[in-house]
1. Any residue in the range 72-95 that is surrounded by fewer than 20 Cβ atoms within 10 Å (Cβ to Cβ), free of Cβ contacts under 8 Å to residues at least 60 places away in the same chain and outside any helix (DSSP H, G or I)?
2. State whether the residues of the range 115-127 include one that is in a helix (DSSP H, G or I), over 26 Å from Leu63 (Cβ atoms) and modelled with pLDDT of 80 or more.
3. Sort out which residues of the range 1-24 are among the aliphatic types (A, V, I, L, M), in contact (Cβ under 8 Å) with a residue 24 or more places away in the chain and in a helix (DSSP H, G or I), and write them in order of number.
4. Can you work out which of the residues in the range 1-24 that are among the aliphatic types (A, V, I, L, M) and closer than 30 Å to Ser196 by Cα is surrounded by the fewest Cβ atoms within 10 Å (Cβ to Cβ)?
5. Any residue at all in the range 51-66 that's in a helix (DSSP H, G or I), out of contact with any Leu (no Cβ under 8 Å at 6 or more places or on another chain), under 20 Å from Pro153 (Cα atoms) and in contact (Cβ under 8 Å) with a residue 40 or more places away in the chain?
6. For the range 40-50, indicate whether the set of residues that are out of contact with any helix residue (DSSP H, G or I) (no Cβ under 7 Å at 6 or more places or on another chain), surrounded by fewer than 21 Cβ atoms within 10 Å (Cβ to Cβ), under 16 Å from Trp180 (Cβ atoms) and among the hydrophobic types (A, V, I, L, M, F, W, C) is non-empty.
7. Taking the range 160-192 on its own, how many of its residues are in contact with a helix residue (DSSP H, G or I) (Cβ under 7 Å, 6 or more places away or on another chain) and touching a residue at least 40 places away in the same chain (Cβ under 8 Å)?
8. Can you say whether Leu27 is surrounded by fewer than 15 Cβ atoms within 10 Å (Cβ to Cβ), in contact (Cβ under 8 Å) with a residue 12 or more places away in the chain and closer than 30 Å to Arg193 by Cα, as far as the supplied structure shows?
Amino acid sequence: MNGELATLASFTLCAALLTITPGADTLLVLTQGTRSGSRAALACALGVNTGLICWATLTVAGLTALLATVPWAYRTIQVGGAAYLVCLGVAGLIHRRRACTTAAPTADVSATAAVAIPAPTPADATPSHAFRRGLVTNLLNPKVGIFYVSLLPQFAPPTQRGPVLLLTLAAIHLALSVAWLTAIGSASARAARSLSPHATRRLERLGALSLVGAGIAVAGAAR
């Protein structure tokens, strides 16, 4: 019993360190919180963690092990994820540019009227869209599957390596991910609300450029 608890504690520590390591999922949730608020950020985090559930299920079924033996399949998913991150970043830059253009009041509109008209909420800022972003980004990251395939067996002795133990370890990682992404999503949304509009725009632009950079880095690694 003590040995099992020590194994779970060791895995929890290892998974926690990996969870807080910056990656595409963390960057996406931060960007979503800065741009669209806490509801969208939490929906994006939920999408990411739904992707983790899918990867964990495939791992227990033995399907993600194929990624380690079929390089072209791994690279195909990796390139798809890179392209998706770049598309998200470019879309964010285009949205930011359009928002800046439409936010400027015309010469024949009074400041009072400009304030009275609320800005429409873009379709990609809704929680459902944020959820899809998080889910697709995670599913197009084959490193998650390799993480489960390579790490989980190290903490599951061959005599105890069954679906229950593997799912337990995956559930620990999922709980850590939920806590971490929820925290940074809420924190980024609160930080964005406390900033001036000019600073918020610069932060959103930085987030979009970071997504583009992450996509390019992933594409470079795939080569």
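The values are calculated or read from the model by the stated rules, or taken from the named source; none is laboratory data. These numbers come from a predicted model, not from an experiment. Note that each Cβ is placed from the backbone with ideal geometry, even for glycine, and that neighbours are counted across all protein chains shown.
1. No, there is no match, as no residue in the range 72-95 is surrounded by fewer than 20 Cβ atoms within 10 Å (Cβ to Cβ), free of Cβ contacts under 8 Å to residues at least 60 places away in the same chain and outside any helix (DSSP H, G or I).
2. yes
3. Leu8, Ala15, Ala16, Leu18, Ala24
4. Across the range 1-24, the extreme among qualifying residues is Ile20.
5. Looking for residues that are in a helix (DSSP H, G or I), out of contact with any Leu (no Cβ under 8 Å at 6 or more places or on another chain), under 20 Å from Pro153 (Cα atoms) and in contact (Cβ under 8 Å) with a residue 40 or more places away in the chain, one finds at least one in the range 51-66, hence yes.
6. Among the residues of the range 40-50, not one is out of contact with any helix residue (DSSP H, G or I) (no Cβ under 7 Å at 6 or more places or on another chain), surrounded by fewer than 21 Cβ atoms within 10 Å (Cβ to Cβ), under 16 Å from Trp180 (Cβ atoms) and among the hydrophobic types (A, V, I, L, M, F, W, C), which makes the answer no.
7. Matching residues across the range 160-192 total 20.
8. Here the answer is no, as Leu27 does not meet what is asked.
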